[in-house]
Amino acid sequence: MALRVDGELIDHHCHGLVQRDLDRPEFESMLTEADTPGPPGTTLFDSQLGFALRRWCAPQLDLPPHAEPDTYLERRAELGHEEVHRRLLTAAGITTFCVDTGFQPEPLTSSAQLAAYATPPAATPPTATPPTATPTGAATSATSPLPACGLDVMRLERIAELAAVDVLTGQIGVGHLADTVRARLADRSSTTVAVKSVAAYRAGLELPAVRPTEREIAAATRTWINEIRGGAPIRLHDPVLHAFLIWCGVDAGLPVQIHVGYGDNDLDLTRGNPLLLTGLLRAIAPSEVSVLLLHCYPYHREAAYLAQVFPNVHLDLGLAIHNTGRGSAALLAQALELAPFAKLLFSTDAYALAELFLLGATLFRRGLASFLDAGVADDAWTPDDATRITQLISAGNARRVYRLPAPPQPAGFPTRPSPARAARSQTARSETGRSQTGRSQTGRSQTAEESARTASPPPHIAARI
Ligand SMILES: [Zn+2]
């Protein structure tokens, strides 16, 4: 089966790009989840990720495949980061970016900027972006004939931590923190399609199986704020509050992304096993709100099991795809041993480097094609089935989960409603009788989340977030 490079590809979880040129130590530091370099005399290019990068990214910078790291980085510096972003994102062929905006150790590109980089300038029609109709514009090109689109994922802990700043600065009382979180979620931007929990990094995934009561939430909030006042960092880490935040997402009818398994080295991987979420997933299941288990390695088989037994649970392999390089084809096959094919989504979890978008997309396409081709060769399914499953895992499953409208036809650039707005109206229709926070219908120039993102807490507090 030919690799599809022109089909729709929805990256349901990724991050922004660093907006500056990088020297070799900085670049290598972004090829690993470790926060320190390897031993002297070694290089992170000697890894599955490093070799995949030299193989697949070098040709996009006019170099031969497998170009030496120094040659690659010299050419990268010569082109400049913006041209590199443009080349690699265009080549990746991703048509929709769902961007987690909650982790910004330095200013990163927005979802709109990512989509713009994925759009070849020559292909951008002058009227591609009707006001407020598409958040990021549209694109056509030889390799990506479908419109590129940027959407946002709100990080739940970030909302709570900004509300904690409001408590510390006296703008709200400690008893109002929970309602402030609910209100900010209700007042989300029109491009927000999901929320994300990083409980795995903080308290671990053994979260309460029963929805916390208001009394429990209030007590946990007071304890947290007192810890901060006692000098602790503004870093939410209470299982009750993590569970409260997840239920806030459920109540808002938003798909809930939960980081699972492998990640930065501040994670205790034994507490990142998704099976620890079983009780909470069982409690959420009746709501029918989708839960997305992110990345999952090395627990992708456990996540696949959960995706089979809970109708609303899905998984991706994100971060693990580019980090395992040519080994990623085996991961995809392992996840698909048990997960229904309608439950696996594509993501890159790319962060900072445009290379990670290209590798995520390329390795995913190759791995999935390899898996499906082998099935065709074994007469396990037909070529038509393989094509349909490719479309589902590449985009169709994400389109269903996030209630995204069908893509415009490549021949034109028709006006369409904001995907998030369309999703919200559908959510409102489908949630009769379900507990839900209200959303003001009055117009405003800036949403609370946008205000929260741009507000500047006092430096002594900002430094502790
Ligand atoms: Zn991520």
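Can you find a residue in the stretch 344-364 that is over 20 Å from residue 89 (Cα atoms), buried (at least 21 other Cβ atoms within 10 Å of the Cβ) and under 16 Å from the mean Cα position of the chain (by Cα)?
Yes, there is a match, as at least one residue in the stretch 344-364 is over 20 Å from residue 89 (Cα atoms), buried (at least 21 other Cβ atoms within 10 Å of the Cβ) and under 16 Å from the mean Cα position of the chain (by Cα).
Quick one: would you say residue 37 is part of a loop (DSSP other than H, G, I, E, B) and more than 22 Å from the chain's Cα centre (by Cα)? First the steps, then the outcome.
Numbers: part of a loop (DSSP other than H, G, I, E, B): yes; more than 22 Å from the chain's Cα centre (by Cα): yes.
Judged against the criteria, residue 37 is a match.
For residues that are buried (at least 17 other Cβ atoms within 10 Å of the Cβ) and of a type outside the set (Val, Ile, Thr), scanning just the stretch 219-232, find the one that is nearest to residue 246 (Cα to Cα).
220
For a quick check of your reading: which helices (runs of 4 or more DSSP H) sit entirely within the stretch 256-363 and have at least 1 residues that are of a type in the set (Val, Ile, Thr), within 16 Å of the ligand (Cβ to nearest atom) and out of contact with any strand residue (DSSP E or B) (no Cβ under 6 Å at 6 or more places or on another chain)?
Here the list reads 318-323.
If you check 22, 79, 44, 88, which single one turns out to be over 26 Å from the mean Cα position of the chain (by Cα) and more than 16 Å from the ligand (Cβ to nearest atom)?
Going through 22, 79, 44, 88 in turn, just one is over 26 Å from the mean Cα position of the chain (by Cα) and more than 16 Å from the ligand (Cβ to nearest atom): 79.
With the requirement that a residue be farther than 23 Å from residue 266 by Cβ and buried (at least 16 other Cβ atoms within 10 Å of the Cβ), what does the stretch 25-49 give you?
Result: 45, single match.
Could you tell me whether the stretch 268-288 includes any residue that is under 19 Å from residue 158 (Cα atoms), touching a residue at least 24 places away in the same chain (Cβ under 8 Å) and surrounded by 21 or more Cβ atoms within 10 Å (Cβ to Cβ)?
Scanning the stretch 268-288 turns up no residue that is under 19 Å from residue 158 (Cα atoms), touching a residue at least 24 places away in the same chain (Cβ under 8 Å) and surrounded by 21 or more Cβ atoms within 10 Å (Cβ to Cβ).
From the set of residues in the stretch 67-99 that are touching a residue at least 24 places away in the same chain (Cβ under 8 Å) and of a type in the set (S, T, N, Q), which is nearest to residue 57 (Cα to Cα)?
Among residues in the stretch 67-99 that are touching a residue at least 24 places away in the same chain (Cβ under 8 Å) and of a type in the set (S, T, N, Q), the one nearest to residue 57 (Cα to Cα) is 90.
List every residue pair whose Cβ atoms sit under 7 Å apart, with the two residues 6 or more apart in sequence or on different chains, where the first one lies in the stretch 2-18 and is within 13 Å of the ligand (Cβ to nearest atom) and the second, anywhere, is of a type in the set (D, E, K, R) and modelled with pLDDT of 90 or more.
Close Cβ pairs satisfying both conditions: 12/316; 13/100; 13/316; 13/349; 14/349; 15/100.
The values are calculated or read from the model by the stated rules, or taken from the named source; none is laboratory data. Worth saying up front: this structure is predicted, and the values here are computed from it rather than measured. Heads up, the Cβs are rebuilt from the backbone with ideal geometry, glycines too, and the neighbour counts pull from every protein chain shown.
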